[in-house]
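*Asks:* Okay, here's the structure, questions in a sec.
The values are calculated or read from the model by the stated rules, or taken from the named source; none is laboratory data. What you are looking at is a predicted structure, and each value in this text was computed from that prediction instead of being measured. Every residue, glycine as well, gets a Cβ built from its backbone with ideal geometry; the counts of neighbours run over all protein chains shown.
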């Protein structure tokens with residue numbers, strides 16, 4: 001960002017009065033332009049034990065596989081955003097069951113909020129951001145082609161949770177955090 005969205009003048013990095021961090025501040029009208037982490041929402045969805053993944057057709061990491069996820073829009077809830085992203089990217093109709101993973105990737109200023117869900121039917125179709133969508137048996141997941149390591153760790157945990165019928169909630173960062181057990185009877 002180079003110019004103020006209020007008056008069009010240039011911005012400079014400085015610490016506004018009453019703040020403790022440098023922010024982009026307008027050199028003319030003194031409007032403060034906050035730059036905060038972006039929220040990514042998505043879901044790990046399954047159909048009869050197979051996990052839904054989509055192959056990215058856009059940067060970054062074109063060709064890698066991931067769960068359907070994307071930026072949350074203004075005016076929508078986290079759940080609405082997760083369902084919208086899944087529908088846009090895979091065409092899937094999904095019922096969200098519960099929050100599954102919340103983590104941040106500080107290096108790129110993103111917070112991930114991932115739900116777990118069940119597809120209402122096996123119908124899928126690649127959206128414009130995906131070159132392919134597919135349901136994977138656990139042994140078929142393309143582990144070496146996943147979007148980034150935290151995605152692989154989440155999918156490994158999900159497969160283990162699904163197999164034992166008891167789900168966990170992960171909170172933390174992309175490199176460290178905490179897993180809490182949740183009885184499936186506690187989650188509706």
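*Asks:* Kindly indicate whether any position in region 85-95 is part of a strand (DSSP E or B) and at pLDDT 95 or above.
*Replies:* So the first thing to find is which residues in region 85-95 are part of a strand (DSSP E or B), and the list is 94-95.
When the remaining residues are screened for being at pLDDT 95 or above, the result is 94-95.
Yes, that holds for at least one residue.
*Asks:* So in region 135-151, with the set limited to residues that are modelled with pLDDT of 90 or more and closer than 17 Å to residue 61 by Cβ, which one is nearest to the chain's Cα centre (by Cα)?
*Replies:* Residue satisfying both the conditions and the ranking: 147.
*Asks:* Please note which strands (runs of 3 or more DSSP E) are completely contained in region 1-81 and include at least 3 residues that are more than 16 Å from the chain's Cα centre (by Cα). Reasoning before the result, please.
*Replies:* Numbers: elements: 11-14, 23-26, 38-47, 50-56, 69-71.
In region 1-81, 11-14, 23-26 are the strands (runs of 3 or more DSSP E) which contain 3 or more residues that are more than 16 Å from the chain's Cα centre (by Cα).
*Asks:* Now, a different point. Taking the criterion of being surrounded by 15 or more Cβ atoms within 10 Å (Cβ to Cβ) and either within 14 Å of the chain's Cα centre (by Cα) or not assigned by TED's automatic domain parsing to the domain that holds residue 48 (or both), would at least one residue in region 155-163 satisfy it? Steps first, answer last, please.
*Replies:* Filtering region 155-163 down to residues surrounded by 15 or more Cβ atoms within 10 Å (Cβ to Cβ) leaves 155, 157-159, 161-162.
Restricting the remaining residues to those that are either within 14 Å of the chain's Cα centre (by Cα) or not assigned by TED's automatic domain parsing to the domain that holds residue 48 (or both) gives 155.
Within region 155-163, one or more residues are surrounded by 15 or more Cβ atoms within 10 Å (Cβ to Cβ) and either within 14 Å of the chain's Cα centre (by Cα) or not assigned by TED's automatic domain parsing to the domain that holds residue 48 (or both).
*Asks:* Test residue 17 against the stated conditions and say whether it is touching a strand residue (DSSP E or B) at 6+ places or on another chain (Cβ under 6 Å) and either within 25 Å of residue 164 (Cα to Cα) or not assigned by TED's automatic domain parsing to the domain that holds residue 135 (or both).
*Replies:* No.
*Asks:* With the checklist (1) within 14 Å of residue 148 (Cβ to Cβ); (2) modelled with pLDDT of 95 or more; (3) assigned to a helix (DSSP H, G or I) in hand, flag the one item residue 107 doesn't pass.
*Replies:* In the conditions (1) within 14 Å of residue 148 (Cβ to Cβ); (2) modelled with pLDDT of 95 or more; (3) assigned to a helix (DSSP H, G or I), residue 107 misses (2) alone.
*Asks:* Can you spot a residue in region 68-79 that is modelled with pLDDT under 95, touching a helix residue (DSSP H, G or I) at 6+ places or on another chain (Cβ under 8 Å) and surrounded by 11 or more Cβ atoms within 10 Å (Cβ to Cβ)?
*Replies:* The answer is no; no qualifying residue exists.
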